[in-house]
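Trainee: One structure, as structure tokens, below. Some questions next.
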Amino acid sequence: RERSGSCLLKNFEIRSAKSMAAWVQRQAWSHVFASHPHAAALFVPGNEAALAAALESRPRLRQAMSHLGPPPPDLVHEVLAGKPTKQHPKKRVFSMVYKREDATLTPAQLRQFFEDGYIHVQGAVPAAVIDAALRIVNAAIGRGALADHTTPGADPKLVSLPGPDAAAPSIVDLFHGSKLPTLTQQLVGLGKVAPPAFGQIALRFPAPPVEESQTRRPWTPRGRAWHVDGFQRGAHSPFTLLVGVCLSDCDDPTGLAGNFAVHPGAHWGLQEAVKQAAASGSGTLSDHGWSDAKPDLGPPRPVLMRRGDVVLAHQKLPHLGMPNYSPAIRYQVYFRVAHRDLDAHRDQWLDDLLLPFEGLRAALGV
């Protein structure tokens, strides 16, 4: 089952941006922007966290601004308050920086997300960041981390690496060291994304080959093999946006290399079924695999990705993993990204599928 990692956050410490905005207005920032134009580019009105991140990550810029005095104690920042591990011995600060140069979603892509519920963005994660993550994953495989997370049998297997590996800095950097902080804010809204602190390392292993003497064809999913995340145990809508980062090429035209696959636009037609499932506490929609209890949505559409590509999908979009008939392991990492006010609008979201996508609604005027 494609589940989120077991290293859960205890809490995020999120403080108001108002005092940061007042501090910026109160101090003499114009000459700093003149001498450091990259700081001006990072500053987006309404998203003062960008300047906070610039101060944290750029010592020379911090020195240039030091005469302004210390920032207020409630400067916008997010603090990870999870348990320390060997790979993660200290609390770590995540700042959701919005970089204008990374705001690469086109009007056509925004419209596609509105209509189909997903978009595929090429080359969003640098190669060096991908390599660092693969090093973590392959080291975990080498030390036997999969021993308790594989199931013998002939069917294609999905394995999610557990524990500290999911929160290792090199895994989390797939999100924070890429275009994803900006891309997700383009959809969810400036300053509205709660920064993820762990990912789901999802490995899909090759299926055993079909012998030439056998007449049966390799199994391919039909229209009832999909699922919608988050309806187990009476819960619903646990996050806003599913973000998949491709670590290995899955661009075979057959789509049978363990690809992430979707039923484009089906979240609109399933809205009533989703509301009923939430009201009844049924987990049927989240059951992986084929089920008569689910509507037949027709053949799924595999997303053909290369390493460094990402897919961003609406939380309520039906999706699935295709079988892997390639000779290689499919490496993918998923982040489940939440709107900061998710808890406040969770139930209202059942009636308005675009409610938490403030950036998308503003861009399209819907």
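The values are calculated or read from the model by the stated rules, or taken from the named source; none is laboratory data. Note that the coordinates shown come from a computational prediction; the quantities given were computed from them, not determined experimentally. Cβ: placed from backbone, ideal geometry, glycine included. Neighbour counts: every protein chain shown. Just the protein is used for accessible areas: all its heavy atoms, side chains included, with ligands, DNA and RNA removed. Shrake-Rupley method; radii C 1.70, N 1.55, O 1.52, S 1.80 Å.
Trainee: Quote the FRET efficiency, to the nearest 0.05, computed for A293 versus R135 with a Förster distance R0 of 41 Å and r equal to the Cβ-Cβ distance.
Mentor: E(calc), rounded to 0.05, equals 0.45.
Trainee: Computed FRET efficiency, Cβ-Cβ of E272 and A344, R0 25 Å: what is it to the nearest 0.05?
Mentor: Plugging the Cβ-Cβ distance into 1/(1 + (r/R0)^6) gives 0.60.
Trainee: In nm, give the distance between the simple-model label positions of A103 and A128, each being 7 Å from the Cα along the Cα-to-Cβ direction.
Mentor: Taking the two extended label points, one gets 2.6 nm.
Trainee: Then there is this: In what order, largest first, do R135, R361, R204 sit by accessible area if the probe radius is 1.4 Å?
Mentor: R135, R361, R204
Trainee: At 7 Å along the Cα-to-beta-carbon direction for both A279 and R306, put a label point, then send me their distance in nm to one decimal.
Mentor: That separation, rounded to one decimal, is 4.8 nm.
Trainee: Please label the shape of region 258-366 as rounded, prolate or oblate, based on the square roots a ≥ b ≥ c of the eigenvalues of the alpha-carbon gyration tensor (a/c under 1.5 means rounded; beyond that, a/b larger than b/c means prolate, else oblate).
Mentor: Oblate shape, in that a/c is at least 1.5 and b/c is the bigger or equal ratio.
Trainee: Using 0.36 nm times the number of residues separating A328 and L364, minus their current alpha carbon distance, what extension gain do you get?
Mentor: In short, 8.9 nm is gained.
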